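Please treat every number below as a calculation from the coordinates, not as lab data. Please read all numbers here as calculations on a predicted model, not as lab measurements. Using ideal geometry, Cβ is built from the backbone for each residue, glycine included, and neighbour counts are taken over all protein chains shown.
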Amino acid sequence: MKNLFKECKPFKLLIIGALLTIAMGSLADLWMPNLMSKIVNYGVLKGDIAYITRTGALMVLVATVSVACFLATGFLSSRFSAGLSKNLRNKVFEKITSFSLAEFDHFGTASLITRTTNDIAQINNFAAVILRIVVMAPFMSIGGCIMAYSKSPLLARPFFFALLLMFGLVIAIAKMTVPLSKIMQKKIDAVNLVMREKLNGVRVIRAFGTDEYERKRFDRANKDLTNNAINMQRTVGLVMPVLMLSMNGTSIAIVWLGGLQASYGGIMVGDIMALTQYVGMVLMSTMMLSNVFMMLPRASASAERINQILLTNPTIADDEKTTTPEKSEGVIEFRNVTFYYPGAELPALNNISFKAKKGETTAIVGSTGSGKTTLINLIPRFYDVDQGSILLDGIDVRRYSQKTLRARIGYVPQKATLFTGTVEENIRFGRETASDEEVIAAAEMSQSTDFIGNNADGFEHLISQGGVNLSGGQKQRLSIARAVVRRPDVYLFDDSFSALDFQTDAKLRKALSEQVGSATVFIVAQRVSTIMNADRIIVLEGGSVVGIGNHKQLMKDCPVYREIVLSQLSAEEADHE
């Protein structure tokens with residue numbers, strides 16, 4: 001929670017204004033019972049109408065000031081809580097965008113969504129009441145105790161006893177709810193995870209007829225959350241009955257003892273009424289404060305979860321002194337690169353060395369899990385190597401700023417990802433400043449103009465979330481166009497042609513070689529026909545290089561490559577190629 005208070009500093013004026021209005025409103029409320037007792041004691045009993053009128057008018061004025069102050073407090077506290085939530089969301093979002101894939105793997109997408117939405121909402125709710133209640137309740141309690149004691153020290157004793165009892169109860173229950181609050185947020189993570197997988201995989205779920213299984217899976221996560229919430233509310237539910245019993249018992253004791261004193265002139269009737277009002281004020285403040293104590297554990301748990309994000313240092317960060325090469329050629333070199341995934345015992349890549357020059361195409365093949373995608377992901381620094389180094393134009397990629405490094409790379413991921421918007425906006429995502437002619441040229445090169453032209457609105461055709469209104473091949477082609485319009489020095493195609501038919505694949509590769517012939521190209525592919533004409537083919541097996549060369553060399557010298565080729569082509573076709 002300490003870091004949360006630091007985030008409140010930009011709102012000093014709002015906080016000070018709220019504190020002042022709370023103080024003025026509380027003073028006005030504390031003065032009201034005193035004025036009422038004077039009316040009863042000196043106006044009603046003595047029949048002084050003029051005194052009643054003057055004091056009544058003063059009470060109306062004080063009530064007006066009280067209402068105005070608390071309206072202002074509500075406005076200022078709302079601005080404070082909304083502004084705090086806005087700033088937290090911005091900071092969390094900015095922090096998440098700086099994370100490497102290792103941090104995403106650690107937190108999980110569902111948890112990051114929960115922290116950005118539900119956890120910040122908990123803090124927003126807590127901040128909305130903290131100024132109005134946490135400040136006002138002690139002010140009213142202390143002031144009420146002083147005023148009650150000034151009226152009658154004897155009658156204030158049961159009141160003080162009840163107050164201590166209630167504070168002790170609130171603190172004890174607050175401690176009991178802390179672990180339940182932490183578990184609550186984790187249960188919400190689990191519900192979000194199941195719901196997100198259900199929505200993303202709705203086609204697969206329906207195709208395999210597993211709707212009932214998914215319903216049961218969601219029901220389990222939902223019941224866990226519900227049971228935890230019930231346990232928490234049962235604990236919190238003890239507060240209100242005890243507080244009401246204490247408040248009503250204290251009021252009865254004051255009226256009873258006050259009546260005895262009034263019978264022999266020890267106290268005036270107006271003072272008994274004022275004491276009853278002060279008891280109500282103080283005990284009501286305590287009840288409101290108890291609600292804050294009930295909210296505190298969950299807000300504290302949410303603040304801790306948000307701090308985990310804000311205090312996490314990305315494993316991939318720019319050096320204090322970054323560099324930019326004089327020449328931009330796009331030469332990539334791996335020098336004895338070894339890489340482990342976090343927590344893995346064996347390396348995903350082991351002692352990889354090769355050099356890819358400008359204008360060359362380097363293909364990477366291998367069985368599933370051999371490390372092809374991992375190798376591609378190391379070039380733009382989605383992960384950092386554990387041993388060895390990767391050089392771009394003779395400079396270690398870790399010496400570049402991430403922005404500079406990735407600006408020189410056109411990346412097409414294994415899973416084609418498109419964003420909500422038009423076709424043009426998705427292509428221009430590669431380079432916002434691209435001209436209309438460059439966008440059209442990129443679409444033509446990627447063989448996308450045929451299906452774009454089939455839509456009445458052409459490049460203005462709206463793509464749904466995740467590109468669900470496009471086929472897999474169409475998404476891949478737009479992803480390639482997005483990379484081409486960037487005009488980078490290095491292209492990374494991670495199995496980006498798998499959803500294309502052979503004819504489209506051949507046309508696209510021909511157009512690609514003409515368009516990006518001067519760039520360094522990396523292609524990860526399972527389809528042998530896609531990579532047979534590459535200048536260099538790297539064969540991976542278990543994270544290690546088992547062969548480097550062109551197609552003919554590897555057919556002779558690399559059994560693993562020969563096995564891959566012959567599993568897709570006949571011996572005559574392989575030799576002919």
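Compare the Cα positions of I395, T210, A50 along the charge dipole of the chain (+1 at Cβ of Lys, Arg; -1 at Cβ of Asp, Glu; about the Cα centre) and return the one farthest towards the positive end.
The Cα lying farthest towards the positive end belongs to A50.
Which GluC sites (Glu not before Pro) from the range 254-340 combine a DSSP loop assignment with at most 14 other Cβ atoms within 10 Å? Could you put the intermediate results ahead of the total?
Details: sites: E304, E320, E326, E329, E333; in loops: E320, E326, E329.
Qualifying residues, ordered by number: E320, E326.
Quick one: length gained pulling L260 to M244 fully straight, 0.36 nm per residue minus the C-alpha distance?
Full extension from L260 to M244 adds 3.3 nm.
Describe numerically, in nm with one decimal, the distance between label points set 7 Å from Cα along Cα→Cβ at E444 and at T109.
3.6 nm
Determine the shape class of the range 361-436: with a ≥ b ≥ c the square roots of the Cα gyration tensor eigenvalues, call it rounded for a/c under 1.5, and otherwise prolate if a/b is greater than b/c, oblate otherwise.
oblate
How big is the antiparallel share of DSSP beta bridges in the chain, given as a percent to the nearest 5?
Around 50 percent of the beta bridges assigned by DSSP in the chain are antiparallel ones.
Among T276, S496, I376, whose Cα sits farthest toward the positive end of the charge dipole of the chain (+1 at Cβ of Lys/Arg, -1 at Cβ of Asp/Glu, about the Cα centre)?
T276
Which value in nm describes the separation of the simple spin-label points at K556 and R89, placed 7 Å from the Cα toward the beta carbon?
It works out to 6.5 nm between the two label points.
Can you work out D for the range 150-286 in µm² s⁻¹ from Stokes-Einstein, where Rh is the Kirkwood radius over C-alpha pairs, the temperature is 37 °C and the viscosity is 0.692 mPa s?
173 µm²/s
Just how large is the dipole of the range 397-471 about the Cα centre, in debye to the nearest 20, putting +1 at every Lys and Arg Cβ and -1 at every Asp and Glu Cβ?
900 debye
With a ≥ b ≥ c taken as the square roots of the eigenvalues of the C-alpha gyration tensor of the range 272-408, please select rounded if a/c is under 1.5 and otherwise prolate if a/b is larger than b/c or oblate if it is not?
prolate
Given R₀ = 41 Å, FRET efficiency for T417-K358 by Cβ-Cβ distance, to 0.05?
With a Förster radius of 41 Å, E is 0.90.
Give the distance, in whole Å, between the Cα centre of the range 89-103 and the Cα centre of the range 285-318.
If you average the Cα positions of each part, the centres end up 18 Å apart.
Let me have the 222 nm mean residue ellipticity of the chain computed from DSSP H runs of 4+ only, each contributing -39500 (n - 2.57), with the sum over all residues rounded to the nearest 500.
-20000 deg cm²/dmol
Over the range 295-451, what is the relative contact order in whole percent, taking alpha-carbon pairs under 8 Å and six or more residues apart?
24 percent
Please report, in debye to the nearest 20, how large the charge dipole of the chain is about its Cα centre when each Lys and Arg carries +1 at its beta carbon and each Asp and Glu carries -1 there.
2500 debye
Which trypsin sites (Lys or Arg not before Pro) does the range 267-340 hold that lie in a coil by DSSP with at most 16 other beta carbons within 10 Å?
For trypsin sites (Lys or Arg not before Pro) across the range 267-340 that sit outside H, G, I, E and B with at most 16 neighbouring Cβ atoms in 10 Å, the list reads K321, K327.
Only sites in a loop by DSSP and with at most 15 other Cβ atoms within 10 Å count here; which trypsin sites (Lys or Arg not before Pro) in the range 408-515 make the cut?
K415
Hey, what did the chain get for relative contact order, percent, Cα under 8 Å, at least 6 apart? Numbers along the way, then the final one.
Working: 831 pairs, mean separation 82.0, N = 577.
Once divided by the residue count of the chain, the mean separation gives 14 percent.
Could you state the number of Å between the C-alpha centres of the range 219-261 and the range 456-509?
62 Å
What shape does the range 48-167 have by the C-alpha gyration tensor, where a ≥ b ≥ c are the square roots of the eigenvalues, rounded means a/c under 1.5, and otherwise prolate means a/b greater than b/c and oblate the rest?
oblate
In the range 132-211, with Lys and Arg counted as +1 and Asp and Glu as -1 at Cβ, which of these residues, M184, S150, A137, has the Cα nearest the positive end of the dipole, that is, farthest along it?
Going by the Cα projections, it comes out as M184.
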